[in-house]
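K.L.:
Structure provided below as structure tokens; questions to follow.
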Amino acid sequence: MSRVAFVNGKYCDFKKSKVHIEDRGYQFADGVYEVFTVFDNNLVDYNAHLQRLFRSLSELSIKTPIAKKAYLFHIQKIIKLNLINNGLVYLQVTRGVASRDFKYSDSIKSSITITGKIISDDTFNHSVFNGINVTTTKDLRWKRCDIKSLNLLPAVLAKQVAFNNGSKEAWLVGDDGFITEGSSSNAWILDKNNILRTTPKNSNILGGITRESLIRGLKTHGIKFKESKFNLIDIKNAKEAFITSATTFVTPVIKVNNIKIGNGKPGKFALVFLDIYKKSAIFSK
Ligand code: PDD
């Protein structure tokens with residue numbers, strides 16, 4: 001069976017699905033998105049992702065194109081039609097179609113597209129059990145990184161720098177020399193004092209849903225944790241490092257630039273944190 005996409009109220013053949021060339025998402029990146037993970041036939045932290053989508057829409061004054069309660073129906077349908085047991089659902093809302101003009105009218109009808117993708121267990125397990133390399137690069141993004149907007153060009157460039165250096169992720173370095181987050185994930189270290197650290201939630205980072213679930217789990221387990229930024233010196237001295245995101249869960253980092261983390265293999269706590277995360281995240285049909 002071929003893939004199916006949801007485009008502005010209609011289910012259509014993925015290969016033939018189209019949006020208008022004057023969609024503001026296409027011309028101005030004027031829109032927001034969410035990535036929902038499907039794990040063993042369950043949606044992971046669905047409500048938290050939906051809530052963040054509505055926050056992003058509200059911050060940009062974009063109206064929801066469908067009722068809040070209709071999202072789950074369409075997401076589930078995409079999962080079913082695309083036979084996804086493990087994978088992800090990508091959902092995008094843009095301000096809509098209008099003749100190209102920077103300013104916008106409130107009467108534009110917002111656009112929605114939903115696609116689904118199967119991800120094999122092997123792809124996921126490879127990174128989790130072998131760890132990944134990270135390359136640092138300057139954080140060139142805007143001042144509202146807390147909004148999950150389509151404005152992803154700096155992330156695209158950063159990820160490419162990482163890829164060209166044999167890394168799966170880029171860690172973005174702010175003007176103060178501290179890591180803000182990854183190009184598409186949150187960044188963490190277990191520092192030399194055995195304290196888990198990740199950048200505090202502010203407008204310089206996206207408040208990751210995976211980050212939030214892990215923090216909840218860490219608190220339940222009484223694990224020492226601090227929302228505190230870190231720099232390259234802290235990374236050099238770190239015992240472990242990892243990233244969190246909907247698509248990578250908790251994935252160990254074994255090298256940052258030419259700095260080996262620990263002994264250059266996934267640390268012993270990374271899997272413990274993954275386990276804590278999985279117990280804390282909310283799985284639902
Ligand atoms: N990215 N920071 C950034 C910049 C991100 O793009 C993401 C997610 C995260 C982690 O957020 P969450 O835990 O809610 O997935 C942090 C998704 C996966 C993406 O753009 O594909």
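K.L.:
Within the range 1-23, can you find the residues that are closer than 21 Å to S110 by Cβ, charged (D, E, K, R) and either touching a Phe, Trp or Tyr at 6+ places or on another chain (Cβ under 7 Å) or open to solvent by 50 Å² or more (accessible area, probe 1.4 Å) (or both)? It would help to see each step written out before you state the result.
P.N.:
As a first pass, look at the range 1-23 and keep what is closer than 21 Å to S110 by Cβ: 5-12, 17-23.
Now narrow it down to the ones that are charged (D, E, K, R): 10, 18, 22-23.
Those that are closer than 21 Å to S110 by Cβ, charged (D, E, K, R) and either touching a Phe, Trp or Tyr at 6+ places or on another chain (Cβ under 7 Å) or open to solvent by 50 Å² or more (accessible area, probe 1.4 Å) (or both): K10, K18, E22.
K.L.:
Quick check on E181: is it out of contact with any Phe, Trp or Tyr (no Cβ under 8 Å at 6 or more places or on another chain) and farther than 14 Å from N133 by Cα?
P.N.:
no
K.L.:
Got at least one residue in the range 30-39 being touching a helix residue (DSSP H, G or I) at 6+ places or on another chain (Cβ under 7 Å), more than 16 Å from the ligand (Cβ to nearest atom) and open to solvent by 10 Å² or more (accessible area, probe 1.4 Å)? Steps first, answer last, please.
P.N.:
Quick first cut of the range 30-39, residues touching a helix residue (DSSP H, G or I) at 6+ places or on another chain (Cβ under 7 Å) only: 30-32, 34, 36, 38.
With the extra rule that they be more than 16 Å from the ligand (Cβ to nearest atom), the set shrinks to 30.
Okay, now just the ones that are also open to solvent by 10 Å² or more (accessible area, probe 1.4 Å), so 30.
Yes, because at least one residue in the range 30-39 is touching a helix residue (DSSP H, G or I) at 6+ places or on another chain (Cβ under 7 Å), more than 16 Å from the ligand (Cβ to nearest atom) and open to solvent by 10 Å² or more (accessible area, probe 1.4 Å).
K.L.:
Inspect all residues belonging to the range 110-118 and state whether any of them is open to solvent by less than 20 Å² (accessible area, probe 1.4 Å), under 23 Å from A246 (Cα atoms) and within 16 Å of the ligand (Cβ to nearest atom).
P.N.:
Checking the range 110-118: at least one residue is open to solvent by less than 20 Å² (accessible area, probe 1.4 Å), under 23 Å from A246 (Cα atoms) and within 16 Å of the ligand (Cβ to nearest atom).
K.L.:
Another one. Spot the failing condition for S56; the list is (1) open to solvent by less than 10 Å² (accessible area, probe 1.4 Å); (2) within 11 Å of the ligand (Cβ to nearest atom), and only one is missed.
P.N.:
(2)
K.L.:
Being within 11 Å of the ligand (Cβ to nearest atom) and open to solvent by 10 Å² or more (accessible area, probe 1.4 Å) is the filter here; which residues of the range 161-180 pass it?
P.N.:
Correct list: T180 only.
K.L.:
Scan the range 29-60 for residues that are of a type in the set (S, T, N, Q) and either touching a residue at least 12 places away in the same chain (Cβ under 8 Å) or not assigned by TED's automatic domain parsing to the domain that holds I114 (or both) and jot them down.
P.N.:
T37, N41, N42, N47, S56
K.L.:
Output the qualifying pairs, or none if there are none: Cβ atoms under 6 angstrom, residues six or more apart or on different chains, first residue in the range 190-215 and in contact (Cβ under 8 Å) with a residue 60 or more places away in the chain and more than 14 Å from the ligand (Cβ to nearest atom), second residue among the charged types (D, E, K, R) and assigned to a strand (DSSP E or B).
P.N.:
Listed pairs, sorted by first residue: L190/E240.
K.L.:
Determine which member of the set V253, V272 is within 15 Å of the ligand (Cβ to nearest atom) and out of contact with any Ser or Thr (no Cβ under 8 Å at 6 or more places or on another chain).
P.N.:
V253
K.L.:
Where in the range 1-82 are there strands (runs of 3 or more DSSP E), lying wholly inside it, with at least 1 residues that are over 16 Å from S284 (Cα atoms)? Talk me through it step by step, then tell me what you get.
P.N.:
Values: elements: 4-7, 10-13, 31-39, 42-44.
In the range 1-82, the matching strands (runs of 3 or more DSSP E) lie at 4-7, 10-13, 31-39.
K.L.:
Which count do you get for residues in the range 40-53 that are exposed (fewer than 15 other Cβ atoms within 10 Å of the Cβ) and of a type in the set (A, V, I, L, M, F, W, C)?
P.N.:
Number of matching residues: 0.
K.L.:
Output the residues belonging to the range 269-285 that are within 16 Å of N125 (Cα to Cα) and surrounded by fewer than 14 Cβ atoms within 10 Å (Cβ to Cβ).
P.N.:
Selection gives V272, D275.
K.L.:
Exactly one condition in (1) crowded, with 19+ Cβ neighbours inside 10 Å; (2) modelled with pLDDT under 95 is not met by D121; state its number.
P.N.:
Tallying (1) crowded, with 19+ Cβ neighbours inside 10 Å; (2) modelled with pLDDT under 95, D121 fails exactly one: (1).
K.L.:
Taking the range 232-260 only, how many residues are closer than 15 Å to N193 by Cβ and surrounded by fewer than 22 Cβ atoms within 10 Å (Cβ to Cβ)?
P.N.:
The number of residues fulfilling the criteria is 7.
K.L.:
With respect to the numbered conditions (1) under 25 Å from K16 (Cα atoms); (2) touching a residue at least 40 places away in the same chain (Cβ under 8 Å); (3) more than 16 Å from the ligand (Cβ to nearest atom); (4) open to solvent by 30 Å² or more (accessible area, probe 1.4 Å), which one is the sole condition not fulfilled by K63?
P.N.:
It fails just one condition, (1).
K.L.:
State whether one or more residues within the range 136-147 are of a type in the set (F, W, Y) and more than 13 Å from the ligand (Cβ to nearest atom).
P.N.:
no
The values are calculated or read from the model by the stated rules, or taken from the named source; none is laboratory data. Given the structure is predicted, the values throughout are model-derived calculations rather than measurements. Cβ atoms come from the backbone with ideal geometry, glycine included; neighbour counts cover every protein chain shown. Just so you know, the surface numbers come from the protein's heavy atoms only, side chains and all, with ligands and any DNA or RNA stripped out. Shrake-Rupley method; radii C 1.70, N 1.55, O 1.52, S 1.80 Å.
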